[in-house]
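Heads up: the structure comes next, in structure tokens.
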Amino acid sequence: MGKIRKIMSIFIVSGLFVSGLLIAGCSSKESSSASKDYGLKNVTFPLKEKVTLKFMIQSSPLAPKDPNDKLIFKRLEKKTNVHIEWTNYTYDSFAEKRNLAIASGELPDAIFNAGLSDYELLKLAADGTIIPVDDLIEKYMPNFKRVLEKRPEYRKLITAPDGHIYAFPWIEELGTGKERIQSVDCFPWINVEWLKKLGLKMPKTTEELKKVLIAFKTQDPNGNGKADEIPMSFIINHGGEDPAFLFGSFGLGDNWDHTVVTNDGKVVFTAAQDGYKEAIKYLSELYKEGLIDEEAFEQDFNTYVAKGKAGRYGLYFTWDKANITGMNDKYDLMPPLAGPTGEINVTRTNGMGLDRGRMVITSANKNLELTAKWIDQLYEPSQSVQNNWGTYGDTKQQNIFELDKKTGMLKHLPLNGTAPLELREKTSVGGPLAILDEYYGKVTTMPDDAAWRLDLMKKVMVPHMKADNIYPKVFFSLDELKELSKIETDLFSYVNRKRAEWIKNGKVEEEWPEYLAELKRLGLNRWLEIKQNGYDRFYK
């Protein structure tokens, strides 16, 4: 399951991207980077003669440099007789390379794993760089149409305010409502081996947690005679690795986009609430006691993982402990804590398994029917499952699945200690796909790590989720997105900077009135108005 890292986008637009859009214009139609017109009509697969389409893609540095070396794409080429000529970039350089290609007008036929925000989609559509795909879906894409018929809410979610669809989405269902796997991003993992050694019980309150962390710091739970334990670590303002989970003990709580919806439908900015201030004060107390990792405010993910694998953490935060400390019994999920007033609340994130901008067709493409029908193959259930997680029958490396030849079901294999994220980045291809809840038990089994996480969610988290609603993935207009982006660039930067500063310097109480005034100056009231209007419009 992609850590919806993938799906956490704040609309911050780089100057490079904007200037690229201005340059691109209609020159993209003369691109020499796209395929010639094959004149194919009434396309059926496999084609009698092989043809080539030219796509740009981003992929993991762990994956082959040529995506065609992946077994999934090899099989797809054999099935369709369409060869894909990939221009492949790793995650870290892709956005820049994509934007340069747009700016120069040297467009491929399509962009796979496009990573486009709503603002980018609408801007590219407005200047003719990408094309609407509504008619292509209706005419040539029966697999995808079937998904939209089963789940009409997705058609609403991917349709732009002007009524058109401009991109093919990635859809992954794993639970629904409060039990959706994305409902909580930052799970808190506590070292139960240390608890047991020190004769401590699982903390139930924020005050008890503080005492546990002090014991981790002072009582040498790893038994090496050195004070090298890290009582608590995180990566500030970093999705699943942020300590936002603890904020729920002080009120409405917090999440990665600082946005929650009350049960009467009011949109609230979490970082302006008194409970948020109290949570910061609590974390500042922990920092003052030396209970928080000094590197928590600047470390990257690799550093975070390295210390986790060395078993140095008493408490840390992430989506899945297997990726940090391994799938073992040393760490367990810490339940939500009662705060100073007895408050227990698990704040829901606004995540769901949907990426609207996963693949786009450019205006340089001269083979629309062929391209649409190739993309539709990706929405065939068994193909979607493999694209998302990996495949079976690979003799060169570890497989995610085995194929039950009698039933045709793809069954997840044991990972045998391999980090799930690492294996998937080597073998899966991502891209546009759809995995619906009813596929489990028919098309595929649920991944063990997902089933395990969903069970933890249901037992530990859901009983304490007070919010009935999340903020949906509203598709705002271009004008609204421009205004939101302008506000968010400064607003979110300021909030996240103060969040880190206050934990370290402890001045949140003194600076709170000035902070609220600055939020107002940066446009918070207008931001709330736009977000509330979008929410109301979505549910009208």
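Structure notes:
- Top-ranked residue of the stretch 61-77 - restricted to ones that are part of a helix (DSSP H, G or I) and open to solvent by 20 Å² or more (accessible area, probe 1.4 Å), ranked as farthest from ASN302 (Cα to Cα): GLU77
- Tally of residues being buried (at least 18 other Cβ atoms within 10 Å of the Cβ) and on the phi > 0 side of the Ramachandran plot across the stretch 209-223: 0
- Residue check for ASN328: exposed (fewer than 15 other Cβ atoms within 10 Å of the Cβ) and not charged (D, E, K, R): yes
- Filter result for LEU283 (open to solvent by 10 Å² or more (accessible area, probe 1.4 Å), within 16 Å of LEU337 (Cα to Cα) and of a type outside the set (S, T, N, Q)): no
- Residue tally, condition aliphatic (A, V, I, L, M) and touching a Ser or Thr at 6+ places or on another chain (Cβ under 7 Å), over the stretch 363-394: 3
- Checking each residue in the stretch 474-520 for being touching a helix residue (DSSP H, G or I) at 6+ places or on another chain (Cβ under 9 Å) and of a type in the set (Val, Ile, Thr) picks out VAL474, ILE487, VAL495, ILE503, VAL508.
- Residue satisfying condition, being touching a Leu at 6+ places or on another chain (Cβ under 7 Å), open to solvent by less than 20 Å² (accessible area, probe 1.4 Å) and either at negative phi or not aliphatic (A, V, I, L, M) (or both), within set ALA110, ALA34: ALA34
- Selection status of GLY339, on the phi > 0 side of the Ramachandran plot and touching a helix residue (DSSP H, G or I) at 6+ places or on another chain (Cβ under 8 Å): no
- Selection of strands (runs of 3 or more DSSP E) fully inside the stretch 353-471 by the criterion of at least 3 residues being under 22 Å from THR176 (Cβ atoms) and touching a residue at least 40 places away in the same chain (Cβ under 8 Å) returns 354-361, 433-435.
- Odd one out for GLN397 among (1) open to solvent by 10 Å² or more (accessible area, probe 1.4 Å); (2) modelled with pLDDT of 95 or more; (3) in contact with a Ser or Thr (Cβ under 9 Å, 6 or more places away or on another chain): (2)
- For GLY417, the conditions (1) within 28 Å of ASP332 (Cα to Cα); (2) open to solvent by less than 50 Å² (accessible area, probe 1.4 Å) all hold with the exception of (2).
- Of the residues making up the stretch 131-151, just one is in contact with a helix residue (DSSP H, G or I) (Cβ under 6 Å, 6 or more places away or on another chain) and not in a helix (DSSP H, G or I), namely MET141.
- Looking across the stretch 488-508, the residues that are basic (Lys, Arg) and surrounded by fewer than 18 Cβ atoms within 10 Å (Cβ to Cβ) come down to ARG497, LYS504, LYS507.
- Only a single item in (1) within 23 Å of PHE112 (Cβ to Cβ); (2) more than 18 Å from the chain's Cα centre (by Cα) is not met by MET465, and it is number (1).
- Failed criterion for ASN367 (all others in (1) open to solvent by 50 Å² or more (accessible area, probe 1.4 Å); (2) under 30 Å from LEU47 (Cα atoms); (3) of a type in the set (S, T, N, Q) hold): (1)
- Of all the numbered requirements in (1) part of a helix (DSSP H, G or I); (2) surrounded by fewer than 16 Cβ atoms within 10 Å (Cβ to Cβ); (3) not acidic (Asp, Glu), GLY128 misses one, and that requirement is (1).
- From the options ASP404, ASP437, residue that is farther than 21 Å from SER59 by Cβ, open to solvent by 10 Å² or more (accessible area, probe 1.4 Å) and under 21 Å from the mean Cα position of the chain (by Cα): ASP437
- Verdict on SER485 being on the phi < 0 side of the Ramachandran plot, open to solvent by 30 Å² or more (accessible area, probe 1.4 Å) and of a type in the set (S, T, N, Q): no
- Taken as a whole, the condition of being open to solvent by less than 20 Å² (accessible area, probe 1.4 Å) and in contact with a strand residue (DSSP E or B) (Cβ under 9 Å, 6 or more places away or on another chain) applies to GLY339.
- Any pair with Cβ under 8 angstrom, 6 or more apart, that starts in the stretch 88-101 at a residue that is over 10 Å from PRO61 (Cα atoms) and open to solvent by less than 60 Å² (accessible area, probe 1.4 Å) and ends at one that is of a type in the set (Phe, Trp, Tyr) and part of a strand (DSSP E or B): ARG98/TYR89
- Within the stretch 151-161, if we keep just the residues that are out of contact with any Leu (no Cβ under 8 Å at 6 or more places or on another chain) and of a type in the set (D, E, K, R), the residue that is surrounded by the fewest Cβ atoms within 10 Å (Cβ to Cβ) turns out to be GLU153.
- Within the stretch 286-310, tally of residues that are more than 25 Å from the chain's Cα centre (by Cα) and surrounded by 17 or more Cβ atoms within 10 Å (Cβ to Cβ): 5
- GLU480 vs. criteria of a type outside the set (Lys, Arg), over 20 Å from ASP242 (Cα atoms) and either without any contact (Cβ under 8 Å) to a residue 40 or more places away in the chain or in contact with a strand residue (DSSP E or B) (Cβ under 6 Å, 6 or more places away or on another chain) (or both): no
The values are calculated or read from the model by the stated rules, or taken from the named source; none is laboratory data. What you are looking at is a predicted structure, and each value in this text was computed from that prediction instead of being measured. Positions of Cβ are backbone-derived with ideal geometry, glycine not excepted, and every protein chain shown enters the neighbour counts. Surface areas here come from the heavy atoms of the whole protein model, side chains and all, with no ligands, DNA or RNA. Shrake-Rupley method; radii C 1.70, N 1.55, O 1.52, S 1.80 Å.
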